[in-house]
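K.L.:
Encoded as structure tokens, here's the structure I'll be asking about.
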Amino acid sequence: MEKYLLYINGEFKESSDKTTFDAVNPYSGEVFAQISKATAEDAKDAVRSARKAFDSGIWSELPRSERSRIMKQIVDKINENAKQLAKLEAMDSGSTIRKAGEDVYLSARSMNYFAKMADVDLDENIEGLSRPGVSKNILRREPVGVAGLIIPWNFPLKMAVWKLGPALAAGCTVILKPAQETSVTANELARLIDMTDMPKGVVNIISGSGSIIGNELVNNADVDKIGFTGSTEVGKTIMINAAGNLKKITLECGGKSANIVLDDADIDMSVDGAVYAAFYHQGQCCEGGTRLLVHEKIYDEFIAKLKSKVSKMKTGDPMDKTSDNGPVINRKQFDLVMNYIKAGKEEGAEVLTGGKSPDESRLLIEPTVFVNVNNKMKIAREEIFGPILAVIKFKDDEEAVRIANDSIYGLGGGVWSRDDARALKIASAMRTGTVWINDYHLMNDRAPFGGYKQSGIGREFGIDGIKEYTEAKHIHIDEIKDLNKKTWYKTVVPD
Ligand code: NAD
């Protein structure tokens, strides 16, 4: 059986107490790998390694082109190992093999974007400040330092890349901690990075418990920044614990996004889009369109088509290329999702299709659509992270926006319409970080992604995402070298 070790300071090692945990295939229940379980001491060790590497300048002072070249080597390694990575991702996370293949492709693409960006100078000359004509003002973007990167279980490899990419492009050194449920592909990534010219200690990857090693990263005064993706609940804990040394934090947290179908939408396309928005990766997506808002004028036709489409989805073995819906991640999540189905029924919503488990032992849950939902119900308010869609009827655009915004979250959202201007007006009124018009889920490496309200703090992707791993430094250079010519405050004193 494959065994993965901790990756600290460019070396693979057992955890200090030699303990391991199992990688379990959620569909088959098979244990297919063992992973060294880092202790708090190991986490401290990884922080020391990253700190030393950062302070030495071995990465931050490397010419940008060189950092970019090494990051491109990671892209090549991901591409060379794409098939194996996709297989492991599907085995570890229950992702359908189709989606896992796409995830690997997108991971390589995102890393390539960040590799290119590593070579871009984000420093600026600021015009028109201080004393024009006699001073120069430079805005430098310096790496924030040591970054602790903590990720969830739903998109293990993609999340790893989305965190490593901007941090490394900015010149930070890192400690990456994958979720314990899905640590395999991050550990594979450690092996691939080790084959590149990445200097020792710049990338450290350790697996284990969030409350032990995640917590250590958050509390450790030698860590300057935490980049976190996960639940809003853990995000809040991190925010409190990071206050110790006033760490910079980026939090990408939960969502309950509204997907709005207007009465002028192409019905067939928006039905397809609604299914994709809600049931992609068994609904285990933070930005998923889990509240579907449908205009009353097209409601009956839309619902009939939605029922037909969802009831034909194939739930089963994620390794089967024809499967649309694989298992949920683990027993705990299975029970949680089934309880939401129960709660939906108890609150008076009606199951349009689905609602059952075809095979409990394989953690399968049918894609489930609830109708007769109102926005006060638990299934409309709480993030479920499973294949459950809540459909709400609305009468006009104003009401749609009001319902969409009536949520503690604000991560994603969609609008389906043939009228771009109308859709754009709604998109602008939605208090959320991303809105797709006639599409869903699509990430753009250049476009910032993140949450309003309790969906998070900060942004990933694009220049905004890289800036999250930098400190802005203003350098003022006064060109007057003669004291007698200095004006000091005189320039701002009125005559
Ligand atoms: P989680 O919050 O339970 O765990 C996320 C990570 O935090 C894991 O690595 C975990 O080990 C670690 N962790 C747990 N307790 C910690 C602590 N006290 N200190 C430091 N680290 C700790 O989330 P999850 O169950 O793995 O993932 C599902 C959640 O992630 C959902 O709420 C989902 O919306 C969210 N998510 C958000 C985004 C986004 O971009 N906004 C993307 C994917 C998932």
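K.L.:
With the requirement that a residue be open to solvent by 50 Å² or more (accessible area, probe 1.4 Å), of a type in the set (D, E, K, R) and either within 16 Å of the ligand (Cβ to nearest atom) or outside any helix (DSSP H, G or I) (or both), what does the stretch 360-382 give you?
P.N.:
Once the filter is applied, which keeps residues that are open to solvent by 50 Å² or more (accessible area, probe 1.4 Å), of a type in the set (D, E, K, R) and either within 16 Å of the ligand (Cβ to nearest atom) or outside any helix (DSSP H, G or I) (or both), the stretch 360-382 yields 376, 378, 381, 382.
K.L.:
Restrict the check to the stretch 237-246 and report whether at least one residue is more than 10 Å from the ligand (Cβ to nearest atom), more than 17 Å from residue 389 (Cα to Cα), in contact (Cβ under 8 Å) with a residue 60 or more places away in the chain and in a loop (DSSP other than H, G, I, E, B).
P.N.:
No, there is no match, as no residue in the stretch 237-246 is more than 10 Å from the ligand (Cβ to nearest atom), more than 17 Å from residue 389 (Cα to Cα), in contact (Cβ under 8 Å) with a residue 60 or more places away in the chain and in a loop (DSSP other than H, G, I, E, B).
K.L.:
Which of (1) of a type outside the set (Gly, Ala, Ser); (2) over 29 Å from residue 462 (Cα atoms); (3) crowded, with 23+ Cβ neighbours inside 10 Å does residue 385 not meet, given it meets every other one?
P.N.:
Failed condition: (2).
K.L.:
Condition first: surrounded by fewer than 23 Cβ atoms within 10 Å (Cβ to Cβ) and within 12 Å of the ligand (Cβ to nearest atom). Now tell me which residues in the stretch 285-306 satisfy that.
P.N.:
Here is the first cut: in the stretch 285-306, the residues surrounded by fewer than 23 Cβ atoms within 10 Å (Cβ to Cβ) are 285, 295-301, 303-305.
Scanning the stretch 285-306 gives a single hit, 285.
K.L.:
Right, next: More than 21 Å from residue 230 (Cα to Cα) and either assigned to a helix (DSSP H, G or I) or not β-branched (Val, Ile, Thr) (or both): is that true of residue 125 in this structure?
P.N.:
Working: more than 21 Å from residue 230 (Cα to Cα): yes; either assigned to a helix (DSSP H, G or I) or not β-branched (Val, Ile, Thr) (or both): yes.
So residue 125 passes the test.
K.L.:
May I ask you to say which residue of 263, 222, 272 is open to solvent by 10 Å² or more (accessible area, probe 1.4 Å), in a loop (DSSP other than H, G, I, E, B) and in the same structural domain as residue 416 (by TED's automatic domain parsing)? Let's see the steps before the verdict.
P.N.:
Working: 222 fails: in the same structural domain as residue 416 (by TED's automatic domain parsing); 272 fails: in a loop (DSSP other than H, G, I, E, B).
263 is the lone residue from the list that is open to solvent by 10 Å² or more (accessible area, probe 1.4 Å), in a loop (DSSP other than H, G, I, E, B) and in the same structural domain as residue 416 (by TED's automatic domain parsing).
K.L.:
Then there is this: Only one residue in 166, 143 is at pLDDT 95 or above, within 21 Å of residue 51 (Cα to Cα), touching a strand residue (DSSP E or B) at 6+ places or on another chain (Cβ under 8 Å) and within 15 Å of the ligand (Cβ to nearest atom). Which one? Even if it seems obvious, please write down each step before you answer.
P.N.:
Numbers: 143 fails: within 15 Å of the ligand (Cβ to nearest atom).
From the options 166, 143, the qualifying one is 166.
K.L.:
Any idea how many residues of the stretch 307-329 are surrounded by fewer than 16 Cβ atoms within 10 Å (Cβ to Cβ) and touching a residue at least 12 places away in the same chain (Cβ under 8 Å)? Show your work before the answer.
P.N.:
So the first thing to find is which residues in the stretch 307-329 are surrounded by fewer than 16 Cβ atoms within 10 Å (Cβ to Cβ), and the list is 308, 311-312, 314, 320-322.
So of that shortlist, the ones also touching a residue at least 12 places away in the same chain (Cβ under 8 Å) come out as 311, 320-321.
Residues flagged as surrounded by fewer than 16 Cβ atoms within 10 Å (Cβ to Cβ) and touching a residue at least 12 places away in the same chain (Cβ under 8 Å) within the stretch 307-329 amount to 3.
K.L.:
Right, next: State all residues of the stretch 227-237 that are buried (at least 24 other Cβ atoms within 10 Å of the Cβ) and either over 15 Å from the mean Cα position of the chain (by Cα) or within 17 Å of residue 471 (Cβ to Cβ) (or both); if no residue qualifies, say none.
P.N.:
227 - this is the single residue of the stretch 227-237 that is buried (at least 24 other Cβ atoms within 10 Å of the Cβ) and either over 15 Å from the mean Cα position of the chain (by Cα) or within 17 Å of residue 471 (Cβ to Cβ) (or both).
K.L.:
Something else: Please go through the stretch 180-204 and pick out each residue that is open to solvent by 10 Å² or more (accessible area, probe 1.4 Å) and near the ligand (Cβ under 10 Å from one of its atoms).
P.N.:
180, 181
K.L.:
Would you mind finding the one in 207, 211 that is closer than 15 Å to residue 37 by Cβ and assigned to a loop (DSSP other than H, G, I, E, B)?
P.N.:
207
K.L.:
Given the structure, is residue 212 more than 7 Å from the ligand (Cβ to nearest atom), under 18 Å from the mean Cα position of the chain (by Cα) and farther than 24 Å from residue 464 by Cα? Steps first, please.
P.N.:
Numbers: more than 7 Å from the ligand (Cβ to nearest atom): yes; under 18 Å from the mean Cα position of the chain (by Cα): no; farther than 24 Å from residue 464 by Cα: yes.
Spelling it out, it is not the case that residue 212 is more than 7 Å from the ligand (Cβ to nearest atom), under 18 Å from the mean Cα position of the chain (by Cα) and farther than 24 Å from residue 464 by Cα.
K.L.:
Run residue 56 past the list (1) under 25 Å from the mean Cα position of the chain (by Cα); (2) open to solvent by 60 Å² or more (accessible area, probe 1.4 Å); (3) of a type in the set (Gly, Ala, Ser) and report the number of the one that doesn't hold.
P.N.:
The failed condition is (1).
K.L.:
Scan the stretch 424-435 and tell me whether some residue there is out of contact with any Gly (no Cβ under 9 Å at 6 or more places or on another chain), on the phi > 0 side of the Ramachandran plot and either in contact (Cβ under 8 Å) with a residue 60 or more places away in the chain or open to solvent by less than 70 Å² (accessible area, probe 1.4 Å) (or both).
P.N.:
No, that holds for no residue.
The values are calculated or read from the model by the stated rules, or taken from the named source; none is laboratory data. None of the values given here were measured: they were computed from a predicted structure. Here Cβ is always computed from backbone atoms with ideal geometry, including for glycine, and neighbour counts include all displayed protein chains. Remember, those area values only see protein heavy atoms, side chains included, never the ligands or the DNA or RNA. Shrake-Rupley method; radii C 1.70, N 1.55, O 1.52, S 1.80 Å.
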